[in-house]
Amino acid sequence: MSIHTRLVDDWLVVVKLRGELDAYLAPEVRERVEEVLGSGASWLLMDLTEVEYIDSVGLGIIVGAAKRANERGGDLSVACSRVNVLRVFEISGTKDLLNVLPTIAEARAVLEAARARSRASESPGGGDA
Amino acid sequence: MSNPLRDTLRIELPCDAKYLHAVRLAVAGAANRGGLTVQDIEDLKVAVGEACNNCIEHAFDEEAVRSGSARMRVTVIVGDGEVRVEVEDEGRGFDPKHVISALESQAPASGNLGLYVIKQMTDYMHIESAPGSGTKIVFVKRRSR
């Protein structure tokens, strides 16, 4: 399992995972995600396009990160195109909850839209100023 | 016609997550011999991983895990177009009634998610367990058409 994080446009943290996200490797991933959340990030894109396997422990880390992001007014999305990994999200009923989409561009777009809505609702006139 | 003894694989290993990858590979190799499709095999890998996670997380106390006395046994029986897997431990066990309702529901409680995933990924599943008597999780994956 390899984990890389990068900040994009000063608001979005992309967490790219490669390999198998199982109970053995989950603690390492949990630690890195905690670091990201601890640094104040509230918009996370989990890039799982190169993850070959996920189990309920790995899934639990992503669900936990989504809750934390939601609590601070942000959100999380997942880019995942591998059929077997996608199937775990579908079966567990977390596909919609976690904004699981097939490409990084789509996963980013859903967060951009959510952020725009959030900013519009925060501004006094309801606009984007 | 497959020979049940000839086509049975048995692995005994410590309850340690570092062996999960090896168990999945062994089960996938056996499932391939049973003529399952690629997606069937992927489903079976998830199911066996979840069953082993259940042993690792719940069957024993930390001391037993640390000392290596906490062990689990994975048996794979390759049939004609189907694979039966049994994952057993001799740990603390539980009353299966406590998880049955969660397994039947559409949205499982997070604590039972692993067992729910096994049920959804396989064609048949049952749990034999009782407090103090260990646990055996049995599931069957058939070749999809």
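For B:Val46, state whether it is in contact with a helix residue (DSSP H, G or I) (Cβ under 6 Å, 6 or more places away or on another chain), within 10 Å of another protein chain (Cβ to nearest Cβ) and under 24 Å from B:Asn32 (Cβ atoms).
It is true that B:Val46 is in contact with a helix residue (DSSP H, G or I) (Cβ under 6 Å, 6 or more places away or on another chain), within 10 Å of another protein chain (Cβ to nearest Cβ) and under 24 Å from B:Asn32 (Cβ atoms).
Out of B:Ala64, B:Ala47, B:Ala22, B:Ala51, I need the residue that is surrounded by fewer than 19 Cβ atoms within 10 Å (Cβ to Cβ) and modelled with pLDDT of 95 or more. Which one?
B:Ala22
Considering only segment B:125-139, state which residues are closer than 24 Å to B:Asp80 by Cβ and surrounded by 17 or more Cβ atoms within 10 Å (Cβ to Cβ). Write out each step before concluding.
The initial filter retains those residues of segment B:125-139 that are closer than 24 Å to B:Asp80 by Cβ, namely B:125-126, B:136-139.
Result: B:Met125, B:Lys136, B:Ile137, B:Val138, B:Phe139.
Return the residues of segment B:31-40 that are surrounded by fewer than 21 Cβ atoms within 10 Å (Cβ to Cβ) and at negative phi; say none if nothing qualifies. Working first, answer last.
Filtering segment B:31-40 down to residues surrounded by fewer than 21 Cβ atoms within 10 Å (Cβ to Cβ) leaves B:32-33, B:35, B:37-39.
Residues satisfying the conditions are B:Asn32, B:Arg33, B:Thr37, B:Val38, B:Gln39.
Here are A:Ala120, A:Ala79: which of them is over 14 Å from the mean Cα position of the chain (by Cα) and more than 12 Å from chain B (Cβ to nearest Cβ)?
A:Ala120
Pairs, please: C-beta under 8 Å, at least 6 apart or cross-chain, first residue at negative phi and in segment A:84-113, second among the small types (Gly, Ala, Ser) and modelled with pLDDT under 95?
A:Val88/A:Ser56; A:Ser92/A:Ser56; A:Pro102/A:Ser81; A:Thr103/A:Ser81
Just give me the residues in segment A:33-74 being buried (at least 20 other Cβ atoms within 10 Å of the Cβ) and charged (D, E, K, R), in sequence order.
Across segment A:33-74, the qualifying residues are A:Asp47, A:Asp55.
Going residue by residue through segment A:15-26, is there one that turns out to be under 10 Å from the mean Cα position of the chain (by Cα), surrounded by fewer than 20 Cβ atoms within 10 Å (Cβ to Cβ), in contact (Cβ under 8 Å) with a residue 40 or more places away in the chain and outside any helix (DSSP H, G or I)?
Scanning segment A:15-26, I find no residue that is under 10 Å from the mean Cα position of the chain (by Cα), surrounded by fewer than 20 Cβ atoms within 10 Å (Cβ to Cβ), in contact (Cβ under 8 Å) with a residue 40 or more places away in the chain and outside any helix (DSSP H, G or I), so the answer is no.
Quick one: is B:Val38 within 14 Å of another protein chain (Cβ to nearest Cβ), without any contact (Cβ under 8 Å) to a residue 40 or more places away in the chain and closer than 25 Å to B:Asp95 by Cα?
Working: within 14 Å of another protein chain (Cβ to nearest Cβ): yes; without any contact (Cβ under 8 Å) to a residue 40 or more places away in the chain: yes; closer than 25 Å to B:Asp95 by Cα: no.
When the stated conditions are applied, B:Val38 does not pass them.
Considering only residues of segment A:19-72 that are among the aromatic types (Phe, Trp, Tyr) and under 29 Å from B:Val23 (Cβ atoms), which is nearest to the other protein chains (Cβ to nearest Cβ)?
Going through segment A:19-72, the residues among the aromatic types (Phe, Trp, Tyr) turn out to be A:24, A:43, A:53.
Remaining after also requiring under 29 Å from B:Val23 (Cβ atoms): A:24, A:53.
Numbers: A:Tyr24: 4, A:Tyr53: 7 Å.
Only one residue tops the list, namely A:Tyr24.
Would you mind stating whether B:Arg66 is more than 24 Å from A:Val88 (Cβ to Cβ), of a type in the set (Lys, Arg), more than 13 Å from chain A (Cβ to nearest Cβ) and part of a strand (DSSP E or B)?
no
The values are calculated or read from the model by the stated rules, or taken from the named source; none is laboratory data. What you see is a predicted model; the values in this text were computed from it and never measured. Here the Cβ is made from the backbone with ideal geometry for all residues, glycine too, and neighbour counts use every protein chain on show.
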